[in-house]
Amino acid sequence: MKKHISAAMTAIMAMSISAAIPVMADEPVSFTIFNSKTEIQEYLEEAAAAYGEENNVEIEVYYSNDTVAAHLATRYAASDPYTLSMTDAKDIYSVGAEYGYDMSGQDWTADTDYAITVDGKVLGFPVCIEARGMLYNADTIKAATGEDFDPSSITTLDDFVAFCDKLVESGMEAPTAILKPDWSLAAHYLQQVYEEREDVDGFIDQLYGGTADLINDAKFNSLMDTFDVLMKYNTFAAAPISAEDEQVHQKLSEGEIAFQFGGCWEWNDIIDFDYTGNIGIMPVPQNVQDDYSDCLVGGGSKYFYIDNSEYTTDEQRQAASDFLNWLVYSEEGQTLVSETCGMVSAFSNNNVPCSNDLGAYVKQYVDEGKLVPNYNYDPDDHYSILGANMQEYLAGRIDRETLAQDIEAYWSSVTPTVH
């Protein structure tokens, strides 16, 4: 009897104690996102906060102006990597290959052609599709010429020169502008020299091996001929490497110029000004006519990878994976990508119209199969070093032959990127 009474009293006491202690709800999983697209930082922060509240997770979104690979390296060195990192494609083959989580089993892999696979593992989730070409202001062209602008009427460089002369005669003193940053000059414009050819890897091997002959290469000269024309009509010709990006975008937005080489990601920068409307994108005109003459250059632009290091828990990886699936399959996620951020979705199931006019043009080229693939395997210092050489050329400090020699010297001095 004493034993039964004692047991009963113990049970009652335990119940009393448990009743006095509040039952805590499950603690939310916390994870971090690194964003490398400055123009969507605010939108991503807002979406992460709303998503987190609805799904009982805590998400912090970070941005850095540092080179992506270098910034991520400092985080790993500090044993504090991001759970979900947005990188350039080339970083998936290096940082992602070392630390990335295999996403091969995810449903979204069947709804895109742009995922990055390394050694049989899906490591890169495509954030969007971006493309490069010649931006144009159709309204200001019509105001100058009195005629609707048909970009398909300009296919060769000779056509482009004749059209620029027509604009000058109509009163537009300087119809073009050139962005000076190294990423624009080397990672985007010069990059086409590698991309617009049948055997890209074979050409890059020649550059690595020191056997390429750029000054006699048809594609190099074709694109540099076009660059020379852009320089000739450049509204900032007096001080080309002093022009700030904002000045270039303002002149295109407000109709002071008609043409600027660039990409669809510049949309938000362009509409910040007194936007005239009707800015589009067309292929870069060249006198060398080939399979790429009516194409833009582009593809998957930014990629997420999920950290698979010891510093990230399985719960955090699952939470990050759930967020990616939300981007692909929920109405809110699709709207965030295509409408709020104005990006071209890399997923076939996303039918939300792109709010970015330039992105809408890019989507047409994608649908028509007129997109030359990006070459994603440049060494990390490619655009900073060769961008400086391109700036020298833009400033008139070196000639084309010297530029060709500088490019060849760079490639023959670096270690090939494994991919």
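Annotations for the structure displayed:
- Within the accessible area of the chain (1.4 Å probe), percent carbon and sulfur: 48
- Cut-off 9 Å between beta-carbons: net charge of the residues surrounding S348, Lys and Arg +1, Asp and Glu -1: -2
- Legend: distances between Cα atoms for K121/K370; K121/K219; K219/K251; K37/K121; pairs beyond 32 Å are K121/K219.
- Averaged over residues, the count of other Cβ atoms within 10 Å places the peptides 276-288, 86-98 in the sequence 86-98, 276-288, highest first.
- H188 contributes an accessible area of around 40 Å² to the protein surface, as traced by a 1.4 Å probe with all chains present.
- When nucleic acids and ligands are ignored and a 1.4 Å probe is applied, C264 ends up with an accessible area of around 10 Å².
- Charged side chains reduced to their Cβ positions (Lys and Arg at +1, Asp and Glu at -1) give the stretch 299-405 a dipole of some 400 debye around its Cα centre.
- Computed from Cα positions, the angle between helix 2-20 and the longest principal axis of the chain comes to roughly 30 degrees.
- Average accessible area per residue (Å²) across the stretch 155-278 - probe 1.4 Å, nucleic acids and ligands excluded: 39
- Projected label distance in nm at T417 and K370, using a 7 Å step from Cα toward the beta-carbon: 2.8
- Highest mean packing first, where packing is the average number of other Cβ atoms within 10 Å per residue, the peptides 227-236, 48-57 line up as 227-236, 48-57.
- Packing rank of 400-410, 135-145, where each peptide gets the mean count of other beta carbons within 10 Å, highest leading: 135-145, 400-410
- Listed values [x] -0.75, -1.05; [y] -0.60, -1.02; [z] -0.52, -0.97, entry calculated as log10 I(q)/I(0) by the Debye sum over Cα atoms at q = 0.09, 0.12 Å⁻¹: [y]
- Relative contact order (percent, whole number), the chain, Cα cutoff 8 Å, 6+ residue spacing: 24
- Relative contact order [Cα under 8 Å, 6+ residues apart], the stretch 235-344, whole percent: 14
- Degrees between helix 41-55 axis and first principal axis of the chain (Cα, 0 to 90, nearest 10): 20
- Local electrostatic count at V372 - Lys and Arg +1, Asp and Glu -1, tallied over other residues with Cβ under 10 Å: 0
- Taking the centroid of alpha carbons for each part, the stretch 174-190 and the stretch 234-269 are 9 Å apart.
- Crossing angle, helix 382-394 versus the chain [Cα axis fit, 0-90 degrees, rounded to tens]: 30
- Over all other residues within a Cβ to Cβ distance under 11 Å of K90, the charged ones net out to -4, with Lys and Arg as +1 and Asp and Glu as -1.
The values are calculated or read from the model by the stated rules, or taken from the named source; none is laboratory data. From a predicted model like this one, the values you see are computed outputs, not experimental measurements. When we count neighbours, we look across all protein chains shown, and the Cβ atoms used for this are built from the backbone with ideal geometry, even at glycine. Please note that ligands, DNA and RNA were not included when accessible areas were found on the heavy atoms of the full protein model with its side chains. Shrake-Rupley method; radii C 1.70, N 1.55, O 1.52, S 1.80 Å.
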